[in-house]
Each structure stands twice: as C-alpha cells, then as structure tokens.
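Handing you a structure now.
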Amino acid sequence: MFGKIAEAKQKADEIKTKLSLISVEGKVQDISVIVDGNKKIISINIPADMLKPENKALVEQTLHSALENALDQADNIAKSEMKSLMGSLLPGGLGNLFG
C-alpha cells in the first residue's frame, strides 16, 4: 500500500515537472497570455495601441477572456496527464473521475 503511495507521489512530481515544460497560449483579439501546464502565467502581451485610457474596459475584458482561455487549456492538459497517471497506477484506472 505504502509502495503505491510513494509511486503515486513520484509520478505526480514527474507530471508536475512535465507540465512546467508545456506552454499554451490564450489569445483574444490582439491580447495573448501564455501559461504553463501548472497554470503559472509565463507572459502577457498587450499591444501598445490598446493601452489608451479609453480602451481600459476593452483591455480588461479581453485580458480576462485570454486568461480564461489559456487556463482552460492548461487545466485540460493537467487533467489528461493525471488521468493517465491514475490509469497506470490502478487496475482499470478510475473510470471517468478526471474528465
């Protein structure tokens, strides 16, 4: 039992490392956000011409959408990796627990 727990922790750590090497981009209009598979924000790019006071609400809304898009992609990748981990540790996996 404890061997399986140690193995699961080791594999989870491996997945976390693997996810840190994966990056996804959420892009809405000209604003882009890049996050890694662990949902850590790597970069945000907002074109200079959008950075005007009259564009504040548009930039905020667009940035929010781009962030959601990138984080959703990262979440899907993480779920897929965890599902494969659980499938490799348990006979028959865990069904549809992670997605």
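Among residues belonging to segment 14-40 that are without any contact (Cβ under 8 Å) to a residue 24 or more places away in the chain and of a type outside the set (D, E, K, R), point out the one that is nearest to Glu68 (Cα to Cα).
For segment 14-40, the residue satisfying everything is Ser23.
Of all residues in segment 53-90, how many are modelled with pLDDT under 90 and farther than 16 Å from Lys11 by Cα?
0
Another one. Pick from segment 1-17 the residues that are surrounded by 14 or more Cβ atoms within 10 Å (Cβ to Cβ) and of a type outside the set (Gly, Ala, Ser): which of them is modelled with the highest pLDDT?
Once the filter is applied, the top-ranked residue is Ile15.
So, one more: Applying the selection to segment 29-61, what residues are surrounded by fewer than 15 Cβ atoms within 10 Å (Cβ to Cβ) and of a type in the set (A, V, I, L, M)?
Ile41, Ile42, Ala48, Leu51, Ala57, Leu58
The values are calculated or read from the model by the stated rules, or taken from the named source; none is laboratory data. Not measured: the values here are computed from a predicted model. Backbone-built Cβ (ideal geometry, glycine too); neighbour counts: all protein chains shown.
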